[in-house]
Each structure stands twice: as structure tokens, then as C-alpha cells.
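These notes concern the structure reproduced below.
The values are calculated or read from the model by the stated rules, or taken from the named source; none is laboratory data. Everything numeric in this text was worked out from a predicted model, so none of it was measured. Reconstructed Cβ throughout: ideal geometry from the backbone, glycine too, with neighbour counts over all protein chains shown.
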Amino acid sequence: MDSIFCTVLSKSRVYQFIAFYFSLEKYMKNFRLFVLCIDGETHALLKKMKLRNLVLTHVSELENESLLKIKKQRKLNEYCWTLKPIYIESLMSNYSSFKRVTYTDSDLFCWSDPSVIFLNQPHCSVLLSRHTLYLPSLPLQEIKFRQELFGNYNSGLISFKNDEIGLASIRFWKQRCVKYCHEKGISKSFGDQTYLNYLPSLFPRVCDIITPGVNHGLWDFEMYKFHIQKDQVYVDDAKLIIYHFSGCRIVSKDSILLVHHVPDRRAILSFESKKIRLPIIYPIYKQILKRGIEFVRNVDPGFNGYEGIAVTGTGKKKQPQKRTDRKKKSRSG
């Protein structure tokens, strides 16, 4: 094993992370997944699980005076984005024997072996996945605006070789994120993601991932046909390797919703909504998430990774399901 995966994780993404972990384990028996836990509950839960391929880091081990100051100025998701390149750089420094570090968002899911991505482009120091918007229900002007805002690349899957170019790219990204990393703000800047636009022109051997079936999501699924043959999911004629289930919100075990943009607004939809025709993998993923929730419950019945979401048009919030009657919950699960 000469490469590792890593992610930054908060409690509201634990259920999706569990799904991702076991999907990775299904196809890669020999791997290491380093996890930067943003809160104590997440760290304690994963430590209790004793998953053999995990290496845990509590955020306090990485934080210094400068980061703690930034933490006070940014929302949780913005702080997590800021930490991505910082964590990757620390892993490259502390584990110099590993030749490659690949960052993965916790809402990814593997449908086949992802190692082919790296085998297909062994000479690339940085591998980027495109974030090309294909949203036919939206006006072209709106799509153009969003493409400029979100950037050309998706920061949910990005891989760096532990070489001079990989390190230089990471440090450039880190400097930009430390200086400014917000969800809304200056023109043409979205979190950590937009800065990836600069990497191909600044450094050699920065490559777009050419392997098909990698890191598709809500932003482009309508461009492709998803189908299943002999228990293998395909996107057009290629195996689906990784899908990015962004926008998923787990309100309770029986309420798993999707934040998506329909023509006139940002909407909260069910996985079964008829407003959009989601790929066939969504109901499959929903069942996998339910099993992940049950897995977490068996490890720690008191853990609550559910989240409240604003319902479009009402201004109200759906609150996370309270777990006051543990016995009742365990019987109904």
C-alpha cells in the first residue's frame, strides 16, 4: 500500500461516511482512510467502532492559535473546507512513505474499485475531477453564473502525489483557503473549490481525471444514462466508480431528503420525488444509509447525527428527531 485516503468529518455526515467506508472496503481490502474528526462525539464514536482501516485525528491535534482564530470567524462547513488542504499537507509531511494522498468527501460512494483512477494516470502529480454543470431545467445565464461561482473542478475528490509539485499545489490551495474560504462572499469564489481553477496553469502535471464514471453528482447526472448489468452499475457504457451524493440530508432514519435546484428555487425533495428523475442508484443508496444508521445505533444508541433543514418557502425548520425513548427507538428501527 503506497497511497492513502483522507476526509474531514463532522457528526452530521457520519451516516454517509459509514456508507462510504464500507463501499471502499468492499473493493479495496488493503487501504488506509485518515479521518479528521471535527467534534468529540464523532471521534469517540469512530474510536469505539474499531474499524481496522481507519486512522483518527481529533481536530484539536491540528489546531493552533491561528486556526482557532479562523474557527471563530467561519461557519462549520467553511471551517471544514479550510481544513482540507491543511490536513492533507500534514499527512504528506507526517507519512512521507506514502506516495499519494487522496481527499474524499464523506458523501462519496464507491460502486467499483477506485484504484483504477490512479493506475490510469500514474504520472500526474495532481488529479482533479471536473465539475461541469448540466442542468437543462435552468436558464443558460443561471448555469453560466453557477459555473463561474462553483468553478471547473469539484473539491470532493482530489488526489495529490507526495512530490514537489503535489506539495506546492497543496500549499497554494492552503494559503488561499486560510486567507478566504466562505460559502457566500466575493465574486467568483465558492469555499475551497474555486481555487482549484488555478492549479492547471500554475503547476505542471496537474491533470483532469480521464477515467470515466468518476465523481458524478446532482450537477451532471442528467447528462448520462445510469443502468445496472449483472449487479454492476454503469454510467453510459462505463462502470460507475464513484458517485457524489451531495445534497443528501438525513433528518431521521425514515426521512432522508435531498437539497436540489428546481427551475424556480432551491428545493427540499424526497428521493422519490417526481420533480426530477434521479438515477436508479438513489433508492439503493437510501437503503444503504438506513443500514448505516442502524450500524451506528448498535455501536452507540445515544449518538444523533441527524440534522435539521430549512424547508423552502416556509422559513421553518425540521428539527432532528429526538431520542428520548431509546427502548422504543430500538424496537421500531
**OP:** Identify the residue in the stretch 1-31 that is of a type in the set (S, T, N, Q) and part of a helix (DSSP H, G or I) and, among all such residues, is modelled with the lowest pLDDT.
**Re:** SER12
Original post:
Of all the residues that make up the stretch 32-52, how many are of a type outside the set (Lys, Arg), surrounded by fewer than 17 Cβ atoms within 10 Å (Cβ to Cβ) and not in a helix (DSSP H, G or I)?
Top reply: 2
**OP:** Kindly provide the set of residues from the stretch 111-167 that are outside any helix (DSSP H, G or I) and among the basic types (Lys, Arg), ordered by number.
**Re:** ARG130, LYS161
Original post:
What do you reckon, is CYS181 surrounded by 15 or more Cβ atoms within 10 Å (Cβ to Cβ) and out of contact with any Phe, Trp or Tyr (no Cβ under 6 Å at 6 or more places or on another chain)?
Top reply: no
Original post:
For the stretch 271-290, how many residues are surrounded by 13 or more Cβ atoms within 10 Å (Cβ to Cβ), at pLDDT below 85 and farther than 15 Å from ASP220 by Cα?
Top reply: 2
Subject >> Where a residue in the stretch 83-99 is in a loop (DSSP other than H, G, I, E, B) and its partner, wherever it lies, is modelled with pLDDT under 95, with Cβ under 7 Å and at least six apart >> reply: PHE98/ASP2; PHE98/SER3; LYS99/ASP2; LYS99/SER3
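Yes or no, residue by residue, for (1) within 26 Å of LYS275 (Cα to Cα); (2) touching a residue at least 40 places away in the same chain (Cβ under 8 Å):
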position: LEU127; (1), (2): no, yes
position: LEU138; (1), (2): yes, yes
position: LEU149; (1), (2): yes, yes
position: GLY166; (1), (2): no, yes
position: ARG171; (1), (2): no, yes
position: ARG176; (1), (2): no, no
Original post:
LEU108: crowded, with 19+ Cβ neighbours inside 10 Å, modelled with pLDDT under 95 and aliphatic (A, V, I, L, M), yes or no?
Top reply: no
